[in-house]
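Read the structure below first, then the notes.
The values are calculated or read from the model by the stated rules, or taken from the named source; none is laboratory data. Just so it is clear, the structure is predicted and the values come from calculations on it, not from any experiment. Virtual Cβ from ideal backbone geometry, glycine too; neighbours counted across all protein chains shown.
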Amino acid sequence: METDVSLEILGALAHPTRLDAFRLLVRHEPDGLSTGQLVEASGLTQSTFSTHLAVLAKAGLVLSEKRGRQQIQRANISALKSLMLFLAKDCCQGRPELCEPLIAELTCC
């Protein structure tokens, strides 16, 4: 992942509404949530939330698909993985055992 891409993703997540929405979508993988469910969970109006959703989609964090009459939003787990790898790539000066507690915490829950 390039630095500019990671900065765009981090910028998209640097707002409470967008971070909450993305985390909610991650919890609902692989099924995703309808746009209406996301709006309801956010407590915002449709138009306000749509702006936040557009920022997440532009950053590549959210994928949208049409199912029947609904737009289903899903977290782009591949983008999340790429960002996490980018952030941890040079972790611990080449001593991966120092990152083991982080990996253990991610896999335990």
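Return the residue satisfying two criteria in turn: it lies in segment 31-42 and is of a type outside the set (A, V, I, L, M), more than 20 Å from Ile9 (Cα to Cα) and in contact with a strand residue (DSSP E or B) (Cβ under 7 Å, 6 or more places away or on another chain), and of such residues it is surrounded by the most Cβ atoms within 10 Å (Cβ to Cβ).
Thr35
Please state which of the following conditions Glu40 fails to meet, knowing it meets all the rest: (1) more than 20 Å from Met84 (Cβ to Cβ); (2) charged (D, E, K, R); (3) in contact with a His (Cβ under 9 Å, 6 or more places away or on another chain).
All conditions pass for Glu40, except number (3).
I need the full set of residues from segment 1-36 which are under 18 Å from Asn76 (Cα atoms) and of a type in the set (S, T, N, Q), in order please.
Ser6, Thr17, Ser34, Thr35
Within segment 75-82, does at least one residue satisfy the condition of being exposed (fewer than 11 other Cβ atoms within 10 Å of the Cβ), of a type outside the set (Gly, Ala, Ser) and either modelled with pLDDT of 95 or more or on the phi < 0 side of the Ramachandran plot (or both)?
no
Sort out which residues of segment 9-19 are free of Cβ contacts under 8 Å to residues at least 40 places away in the same chain and surrounded by 15 or more Cβ atoms within 10 Å (Cβ to Cβ), and write them in order of number.
Thr17, Arg18
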